[in-house]
Amino acid sequence: MKGIYLINDRISINGLSKEESFKLQEQTILPYIQEHKIQVVKLNPHQIYEHYTIPHALLHDLKKHRPYLDCFIQYSPLVMEDFIHSYPARWFILKSFFNEIITIEEKDLPVKFIV
């Protein structure tokens, strides 16, 4: 499976700080990717990280490269909520590049401590 994941570095989840929320998303998504043997696709060669943090940048790269992708992975619906409500047409286009949108909920995973 090939996929892309997005981590929202601008939100606070469950009362955590933005930094802790970022770590929570990362510590939840990465094991899922490994467990399900998902190959993370990096569309932009100038991109520093494997993940995206800006939905607009992801959409731009998807339109430019037109890749075949199995899945888009996010921590929770909250991660993309702002983008979806502000730009519903762009969300519709973005999700059309993927066969599946995977949302990982904290409640489905064992408790993790952020160090």
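Hey, any idea what % of the chain's accessible area is carbon plus sulfur with a 1.4 Å probe? All intermediate terms of the calculation are to be shown ahead of the outcome.
Details: 3840 of 7140 Å².
In the chain, the share of accessible area belonging to carbon and sulfur is 54 percent.
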Per residue accessible area of the chain, 1.4 Å probe, in Å²: 62 Å²
From the coordinates shown, Kirkwood radius over Cα pairs in Å corresponds to which of (i) 18.7; (ii) 14.5; (iii) 17.6: (ii)
For the chain, take the longest principal axis of its alpha carbons; what is the angle in degrees between that and the long axis of helix 18-35, to the nearest 10 within 0 to 90? 70 degrees
Ranked order, D82, D9 - accessible area, probe 1.4 Å, largest first: D82, D9
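Students sometimes get this wrong: rank H36, H51, H60, H46 by accessible area, probe 1.4 Å, all chains present, largest first. Intermediate values should be presented prior to the final figure.
Numbers: H36 80, H51 20, H60 115, H46 160 Å².
So, going from the largest accessible area down, we get H46, H60, H36, H51.
Using Cα pairs closer than 8 Å and at least 6 residues apart in sequence, work out the relative contact order for the stretch 1-89, in percent. Can you show the working numbers first?
Working: 90 pairs, mean separation 41.6, N = 89.
After rounding, I find 47 percent.
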Difference of contour (0.36 nm per residue) and Cα-Cα distance, I54 to W91: 12.1 nm
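The values are calculated or read from the model by the stated rules, or taken from the named source; none is laboratory data. Everything numeric in this text was worked out from a predicted model, so none of it was measured. Only protein heavy atoms, including side chains, enter the accessible area calculation; ligands, DNA and RNA are left aside. Shrake-Rupley method; radii C 1.70, N 1.55, O 1.52, S 1.80 Å.
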